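Step one of this worksheet: look at the structure below.
The values are calculated or read from the model by the stated rules, or taken from the named source; none is laboratory data. Since this is a predicted model, take the numbers as computed values, not measurements. With ideal geometry, Cβ positions are generated from the backbone for all residues, glycine too; neighbour counts draw on all protein chains shown. Please note that ligands, DNA and RNA were not included when accessible areas were found on the heavy atoms of the full protein model with its side chains. Shrake-Rupley method; radii C 1.70, N 1.55, O 1.52, S 1.80 Å.
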Amino acid sequence: MNVKPHSEVDTSHFEIVEGYARFFAKPEVRLRFLKNTLALQASCGERLSGTLGRWESFRNSKYYDRLLKFSLYGLIFREIAKLLPSDSGGRRGLLRLHTEAPLSARAFYRCYQFRHALYTLSLVAMVMLAAVAYRAAIWSVAHANTYLAGRYKSVEKVYASEAAAPKDTIAGKLPSYQPEKVWLVEQGDGFERYSNGARVINSHAVENRARRYVAFKPGAASSVGEPQSSPVGIVYHTSESDLLPFVEGNSDSIETRSKNLLDYVRKNKSYNYVIDRFGQVYSVVRDGDTAYHAGNSVWSDGQVTYVGLNESFIGVCFETKANVGDSGEQLTEAQVLAGRLLTQVLRSRYQLDDANCVTHGLVSINPSNMRIAFHSDWARGFPFEAMGLSDKYEVPPASVGELGFAYDDDVVEKIGGQLWPGVAAAEEEFERRAAQTQTRSDELRKLMRSVYRERMELQGALQLRAQSAEVSSRGAGR
């Protein structure tokens with residue numbers, strides 16, 4: 001035969017092809033096999049060389065030669081299978097492949113024989129893999145949020161007995177929360193008295209629009225369950241009104257200022273309850289109605305998230321200031337005791353979870369600049385333990401961990417130069433969530449800002465429908 005190795009074909013490769021060409025009986029078939037296989041191998045080598053041109057070290061390694069030999073056997077299989085009908089003697093070459101060719105080459109030949117079936121299986125596998133990847137992405141987003149919400153619950157503590165608080169603190173000297181021991185004992189003219197000793201003055205109570213709100217799935221704009229009208233938590237406030245030193249000589253003046261505060265709150269329907277400096281508890285806006293106390297606000301109990309807490313939380317205001325300066329203690333002992341007893345009453349009446357008893361500074365936000373602590377009352381220093389509650393300063397706030405709200409130097413300065421510990425934990429949760437969803441932090445913040453707006457629009461529409469229904473009902477009653 002006058003066939004020479006192709007210039008781009010290794011001599012050893014030519015010898016392999018020539019060895020199998022001898023088993024074709026007809027010279028013309030043998031020549032066709034030899035020429036076709038060598039030409040195809042040369043073309044394959046050129047393609048590999050172009051593809052791997054950047055990796056010169058690999059081209060000079062033994063692995064590159066093995067790759068060429070592997071492809072050569074594949075070409076031999078193809079050409080033998082193609083030329084078998086033209087020359088029955090070629091079957092001996094095929095038999096030799098099964099006895100002398102390397103295991104990898106024989107495996108490759110089997111793959112070539114069943115290539116159509118393998119193509120089909122590969123297509124099915126790719127479709128299934130894409131479906132699994134899609135489900136995994138959905139799972140990661142949903143479970144990232146579930147995990148995030150679960151962390152909010154992890155710091156909750158149970159004050160099951162008086163021994164839960166140190167004996168040398170106010171909390172250690174007060175009775176523990178036992179809901180079965182709290183009930184209405186007496187309802188007189190302008191007051192209510194409860195079994196735990198709480199006394200609520202309701203002669204100043206006023207009505208407002210009824211509560212109407214929904215809870216939301218963590219990280220999503222979709223609501224959970226049907227609209228609700230019963231309160232689910234408490235937000236504690238400071239009145240930020242003028243204070244006098246709490247001494248006997250100021251008793252009359254202190255009481256006068258408390259009455260002025262009460263008139264202001266009643267007129268503006270600012271809170272559901274006010275606790276004055278003598279520990280007297282006043283019911284202002286009735287529990288079933290909305291008081292305008294929390295404004296733009298967010299909180300999660302670890303299962304669902306609430307926004308616009310006016311609708312869902314009871315507002316309890318202590319007559320005091322966030323920074324009392326030289327005027328005396330922030331809360332009097334009477335206020336601490338009254339606040340604890342009122343908390344017990346409200347938790348027993350509405351089955352409020354400890355996780356939803358929080359302060360205004362921890363829930364307040366500013367949607368215009370995505371900053372936390374727009375109102376900073378009780379952003380530090382609230383005596384959770386004395387109220388029989390777990391420390392919410394340790395809880396990652398949903399405004400940061402879920403919705404991506406942030407803070408700046410002005411916020412830090414306003415609350416005394418240091419953020420509460422939960423903020424750092426919430427920031428870590430948000431960054432972890434962004435990483436799990438393979439989203440940049442700034443992009444996730446934009447997305448969650450839209451989620452917050454959708455939530456507020458949904459809740460606003462719900463309130464409008466409730467008000468329209470109430471107006472229609474009143475009109476029909478006339």
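Couple of notes before you dig in:
- Residues that are farther than 16 Å from W420 by Cβ and touching a residue at least 12 places away in the same chain (Cβ under 8 Å), drawn from segment 356-368: N356, N366, P367
- Number of the exception - V316 against (1) in a helix (DSSP H, G or I); (2) within 27 Å of P227 (Cβ to Cβ); (3) aliphatic (A, V, I, L, M): (1)
- In segment 313-335, the residues that are open to solvent by less than 10 Å² (accessible area, probe 1.4 Å) and out of contact with any Ser or Thr (no Cβ under 9 Å at 6 or more places or on another chain): I314
- Strands (runs of 3 or more DSSP E) fully within segment 110-206 counting 1 or more residues that are exposed (fewer than 13 other Cβ atoms within 10 Å of the Cβ), modelled with pLDDT of 60 or more and out of contact with any Cys (no Cβ under 7 Å at 6 or more places or on another chain): 184-188
- Exactly one residue out of D242, D263 is free of Cβ contacts under 8 Å to residues at least 12 places away in the same chain and over 30 Å from V451 (Cα atoms): that is D263.
- Residue selected from segment 342-374 under the condition assigned to a loop (DSSP other than H, G, I, E, B) and in contact with a Ser or Thr (Cβ under 7 Å, 6 or more places away or on another chain), by the criterion surrounded by the most Cβ atoms within 10 Å (Cβ to Cβ): A373
- The lone criterion from (1) open to solvent by less than 10 Å² (accessible area, probe 1.4 Å); (2) of a type outside the set (D, E, K, R); (3) touching a Leu at 6+ places or on another chain (Cβ under 6 Å); (4) at pLDDT below 95 left unmet by G302 is number (3).
- Within segment 234-288, the only residue that satisfies the criterion of being in a helix (DSSP H, G or I) and of a type in the set (F, W, Y) is Y264.
- Members of segment 392-437 that are acidic (D, E) and touching a Ser or Thr at 6+ places or on another chain (Cβ under 8 Å): E402, E431
- Just one of the listed residues (S230, S253, S258) is open to solvent by 40 Å² or more (accessible area, probe 1.4 Å) and more than 39 Å from the chain's Cα centre (by Cα), namely S253.
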